[in-house]
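First up is the structure itself, then whatever we jot down about it.
The values are calculated or read from the model by the stated rules, or taken from the named source; none is laboratory data. These numbers come from a predicted model, not from an experiment. So basically every Cβ, Gly included, is an ideal-geometry build from the backbone, and we count neighbours across all protein chains shown.
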Amino acid sequence: MIQAYGLNEADFRGARFAGHPRDLKGNNDLLSLTRPDLIERIHSEYLAAGADIVGTNTFNSTAISQADYGTESLVPELNAAAVAAARKAATRAAQADPSRPRFVAGAIGPLNRTLSMSPDVNRPDYRAVTWDQVVGAYLEQMRALAAAGADALLIETIFDTLNAKAALFATELLFDETGVRLPVMLSVTITDNSGRTLSGQTVGAFYASIAHARPFSVGINCALGGRQMRPYVEELSSIATCFVTCYPNAGLPNAFGGYDESPADMAAVLGEFAANGWVNMVGGCCGSTPAHIAAIAKAVRSLPPRRPPELPTALRLSGLEPLVVS
């Protein structure tokens, strides 16, 4: 949605960052400071289409990710401004229809560095970042999101489970600090039809790795379209004792990096998932416009939400695949 506006370097800089020494175009999170009107408008369009939850414009609002632009000092301000823009839009939508509360999820991306893999093929032992650095970066972001009034923390597009575990560790540090627990939502990304994350885990192994944190929800987003996610959503639904989410891309990206799946096609797939009792919340990731959200909302509105299964007590371990000792 941001890309559709064709913004230039000046839009990203605004007056405040006119003299910044590095290029800022592409740092979409910075627009919460330089073009908050645009971010609020985009949130409003999704809410008008039927969204109950909007994710903040903070996918890269950590010191580790912002370091690419030399803007890591802005992390607290970026997150606070993004929550404010989303909250304004959500409050306005809820006031227009008081029967439907609207929620703001603080979006927490996977980082551009990974704890599980080396960026140097000649040094498999090397890591570009440490556990403590990742925890610290996530904690700084989460403090700002929570202080600004986010209703939930959404750790999303997880491709490395160890990064996600660092994020979960940071949530516990935050909750200990504040004495307030927010709902924690997790969403993993399956990178291809192998059914594994980039760091090699299956869906079952991923869930076993994070179930101890008792998340509010766990789900799958990004990378694939809904049709390609089908077997993994079904599997996750059968093992997750929390709520299950699914927000796929609008199909697989085409040769130009665009997304071709129509609102009707996307709604049909997610409507099937809901009718099968596999999901509690659905939505859209890359390429999903307000028209997609409107179609999805209409397709699932009358369907009952999934009921989490009651599983027998067992020892559930994980490596690249799960191990269940009954």
By my count, strands (runs of 3 or more DSSP E) wholly in the range 215-318 with at least 1 residues that are modelled with pLDDT of 95 or more and within 20 Å of the chain's Cα centre (by Cα) are 217-225, 243-249
If I go through the range 298-326 residue by residue, how many of them are out of contact with any Leu (no Cβ under 9 Å at 6 or more places or on another chain), closer than 25 Å to residue 162 by Cβ and free of Cβ contacts under 8 Å to residues at least 40 places away in the same chain? 1
In the range 197-224, what residues are surrounded by fewer than 20 Cβ atoms within 10 Å (Cβ to Cβ), over 16 Å from residue 157 (Cα atoms) and touching a residue at least 60 places away in the same chain (Cβ under 8 Å)? 211, 216
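Does residue 194 count as under 16 Å from residue 320 (Cα atoms) and free of Cβ contacts under 8 Å to residues at least 24 places away in the same chain?
yes
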Is it the case that the range 166-183 has a residue that's over 23 Å from residue 233 (Cβ atoms), in contact (Cβ under 8 Å) with a residue 40 or more places away in the chain, touching a Ser or Thr at 6+ places or on another chain (Cβ under 6 Å) and assigned to a helix (DSSP H, G or I)? no
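I'd like the residue in the range 145-155 that is surrounded by fewer than 24 Cβ atoms within 10 Å (Cβ to Cβ) and within 17 Å of the chain's Cα centre (by Cα) and, out of all such residues, is farthest from residue 214 (Cα to Cα).
Of all residues in the range 145-155, those surrounded by fewer than 24 Cβ atoms within 10 Å (Cβ to Cβ) come to 146-149, 151-152.
Of the ones still in play, those that are also within 17 Å of the chain's Cα centre (by Cα) are 146, 151-152.
On the way: 146: 19, 151: 17, 152: 14 Å.
Among those residues, the one meeting the criterion is 146.
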Only one of these is more than 18 Å from the chain's Cα centre (by Cα) and in contact (Cβ under 8 Å) with a residue 12 or more places away in the chain: 74, 47. Name it. 74
Which of the residues that make up the range 135-150 are in contact with a Lys or Arg (Cβ under 9 Å, 6 or more places away or on another chain) and within 22 Å of residue 219 (Cα to Cα)? 150
Are there any pairs, at least 6 apart or on different chains, whose C-beta atoms fall under 6 Å, with the first in the range 83-97 and farther than 17 Å from residue 108 by Cβ and touching a residue at least 12 places away in the same chain (Cβ under 8 Å) and the second in a helix (DSSP H, G or I) and not polar (S, T, N, Q), and if so, which? 88/40; 89/40; 89/43; 89/47; 93/47
Selected residue [in a strand (DSSP E or B), of a type in the set (Val, Ile, Thr) and at pLDDT 95 or above] from 104, 75, 83, 134: 104
Output the qualifying pairs, or none if there are none: Cβ atoms under 7 angstrom, residues six or more apart or on different chains, first residue in the range 250-261 and closer than 16 Å to residue 4 by Cβ, second residue among the aliphatic types (A, V, I, L, M) and at pLDDT 80 or above. 250/266; 259/250
For the range 272-295, does any single residue satisfy the condition of being closer than 29 Å to residue 318 by Cβ, in contact with a Leu (Cβ under 7 Å, 6 or more places away or on another chain) and among the β-branched types (Val, Ile, Thr)? yes
Filtered residues of the range 295-326 (kept if more than 16 Å from residue 279 (Cβ to Cβ), surrounded by 14 or more Cβ atoms within 10 Å (Cβ to Cβ) and β-branched (Val, Ile, Thr)): 324
Cross-chain or 6+ apart pairs with Cβ under 7 Å, the range 101-120 first and closer than 17 Å to residue 197 by Cα, then among the aromatic types (Phe, Trp, Tyr): 109/59; 110/159; 115/131; 118/126
Residue identified as farther than 23 Å from residue 161 by Cβ, of a type in the set (Asp, Glu) and surrounded by fewer than 23 Cβ atoms within 10 Å (Cβ to Cβ) among 125, 52, 120, 132: 52
Within the set of pairs 6+ apart or on separate chains, which have a first residue in the range 275-297 that is on the phi > 0 side of the Ramachandran plot, a second that is at pLDDT below 95 and among the hydrophobic types (A, V, I, L, M, F, W, C), and C-beta atoms under 6 Å apart? 287/250
Got at least one residue in the range 271-282 being within 18 Å of residue 54 (Cα to Cα), out of contact with any His (no Cβ under 7 Å at 6 or more places or on another chain) and surrounded by fewer than 16 Cβ atoms within 10 Å (Cβ to Cβ)? no
